[in-house]
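Asks: My structure is below; once you've seen it, I'll send some questions.
Here, each number is a calculation from the coordinates, and none is a lab measurement. Note that the coordinates shown come from a computational prediction; the quantities given were computed from them, not determined experimentally. For neighbour counting, all protein chains shown are included, and Cβ atoms are generated from backbone atoms with ideal geometry for every residue, glycine included.
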Amino acid sequence: MQQKINEIRSRALEEIKRVSDSRALDELRVRLLGKKGELTGILRSMGQVTAEMRPQIGQWVNEARESIESAIAQAQAEISRREMEKRLESEKLDVTLPVEERSTGSLHPMSLVLEQLLDIFTGMGFEAVEGPEVELDHYNFELMNIPKNHPARDAQDTFYVDDNIVLRTHTSPVQARIMTTRKPPIRIVSFGRVYRADEADATHSPVFHQLEGLVIDENISMGDLKGTLDTFARRLYGEGVTTRFRPSFFPFTEPSAEVDLTCAACRGKGCRICKGTGWIEVLGSGMVNPKVLEMCGIDSHKYSGFAFGMGVERLSNLKFNITDMRNLYENDVRFLKQFRG
């Protein structure tokens, strides 16, 4: 029996030396050591030998198995090394060959400005929130102190779905939703697409983007509004840019103000962009109308607040000296590839 086991081991070691690929080596392993292998067959025939010989035969079989397994492992390592070398040789790349230049994309100029705006206002403690673009008249107009038949509705050029549903004309309904569901203090910015029935030209579009801010708390004043907008102006356009407030009227704020910024192109010296004035009209703002607070369930005797709204397209045009708003929507790669953040 010992001689037979030694013969199996010797023959196996010789065959292992001659194997040249992983598949043949695995087939040899199964034939020698598998459930129906030669060494396994010897173990299955142990019932035919005396009890005294069984431990000795088991030891011989285990020694032979260890030798064969060790040889297979060494052969597998060598075969794997050769196969990897062959694969690397066949798959190598000539890095000196000329290749076609691949252009990389970049963020849209409005995306760049919107990200910067959100960074500015969240850095000042504002929470960024969004709301539905298809909105109820109740939130879009009525809670903004623009009741039915109010003349201000005509100026909005509204897309109506039906008598009570509109495509929102501003992001103010998000503010109304927040004021009716939260208690002060409130400090939010709302942003997104808005819709108005305008003709598309260099300065108008039926679909554009707004960012609006709202602060409601005790003892909020116009000074807080000016300080907030001064900080926004400097961070977006650089030091030296300031705000100028001009009296205006909005149904949802009282008092109201149009806000101009120092022209970012000429820094207030006067140029073609600002028409020689040194100022650019950018946004509307004001103190939240007490009637709006009361309609939203907020005590106007205890709380006050300010709000502001700005067009992202206008801010983008000013930041990048874009003269035609339509360039922002036409997806002309020659135009868009200029903006890298």
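Asks: Under 5 Å between amide hydrogens, which residues at least 5 positions from TRP279 or on another chain qualify, with H placed 1.01 Å from N in the peptide plane?
Replies: So TRP279 has HN proximity to CYS263.
Asks: Can you give the direction-averaged projected area of the convex hull of the alpha-carbon atoms in the range 63-200, in nm²?
Replies: One quarter of the hull surface, i.e. the mean projection, equals 22.0 nm².
Asks: Same structure again: If I fit a long axis through the Cα atoms of helix 54-91 and take the longest principal axis of the Cα atoms of the chain, what angle between them do I get, 0 to 90°, rounded to 10?
Replies: 50 degrees
Asks: Further question on the same structure: So between VAL333 and GLU115, what do we pick up on full extension, going 0.36 nm a residue minus the alpha carbon distance?
Replies: Extending this stretch completely gives an extra 76.4 nm.
Asks: Apply the Karplus parameterisation 6.51 cos²θ - 1.76 cosθ + 1.60, with θ equal to phi minus 60°, to every residue of the range 250-259 and state each ³J(HN,Hα) to the nearest whole Hz, in sequence, with x for glycine and proline.
Replies: Once θ is set to phi - 60°, the couplings for the range 250-259 become 9, x, 9, 10, 7, x, 10, 8, 7, 10 Hz.
Asks: I've got another one for you. Determine by what factor the alpha-carbon radius of gyration of the chain differs from 2.2 N^0.38 Å, reporting the quotient.
Replies: Compactness ratio reported: 1.94.
Asks: If you take every DSSP beta bridge whose two residues both sit in the chain, what share of them, in percent to the nearest 5, is antiparallel?
Replies: 95 percent
Asks: Output the lone cysteines of the chain: those with no second cysteine's C-beta under 4.7 Å from their C-beta.
Replies: If one checks each Cβ against the other cysteines of the chain, CYS296 turn up with nothing under 4.7 Å.
Asks: Taking 26 Å as the cut-off for C-alpha to C-alpha distance, list the pairs among LYS17/LYS92; LYS226/LYS291; LYS148/LYS302; LYS226/LYS319; LYS226/LYS337; LYS17/LYS86 that go past it.
Replies: LYS17/LYS92; LYS148/LYS302; LYS226/LYS337
Asks: At 7 Å along Cα-to-Cβ for each site, give me the label-to-label distance between HIS138 and LEU93 in nm.
Replies: About 6.0 nm separates the two model spin labels.
Asks: Follow-up. Round to the nearest 10 and give me the degree value, 0 to 90, for the angle of helix 2-18's Cα axis relative to the longest principal axis of the chain.
Replies: 50 degrees
Asks: Just rank VAL288, VAL241, VAL207, VAL161, fewest to most, by other beta-carbon atoms within 10 angstrom.
Replies: VAL161, VAL207, VAL241, VAL288
Asks: Multiply the residue gap between ASN219 and ARG102 by 0.36 nm, knock off their C-alpha separation, and tell me the result in nm, one decimal place.
Replies: 36.5 nm
Asks: List residues of the range 59-89, by number, whose backbone nitrogen lies under 17 Å from a label position 7 Å along Cα→C-beta of SER22.
Replies: Counting only backbone N, you get 72-89.
Asks: Calculate for the chain the 222 nm mean residue ellipticity that helices alone would give, adding -39,500 (n - 2.57) per DSSP H run of length 4 or more and normalising by residue count, nearest 500 deg cm²/dmol.
Replies: After summing the helix terms and dividing by residue count, I get -13000 deg cm²/dmol.
Asks: How high is the relative contact order of the chain, in percent, with contacts defined as C-alpha pairs under 8 Å that are six or more residues apart?
Replies: The normalised contact order for the chain reaches 15 percent.
Asks: Continuing with the same structure: So how tilted is helix 172-181 from the main axis of the chain? Cα-based, degrees 0 to 90, rounded to 10.
Replies: The angle comes out at about 80 degrees.
Asks: Shifting gears a bit: Neighbour counts of other C-beta atoms within 10 Å: give me THR323, THR104 arranged from fewest to most.
Replies: THR104, THR323
Asks: Related question: What value in Å³ per residue do you get for the convex hull of the alpha-carbon atoms in the range 239-298?
Replies: Hull volume over Cα atoms, normalised by residue count, gives 85 Å³.
Asks: Which residues does a label at TYR160 reach in the range 109-142, if reach means a backbone N under 18 Å from a point 7 Å past the Cα toward the Cβ?
Replies: 134-142, by backbone N distance to the label point.
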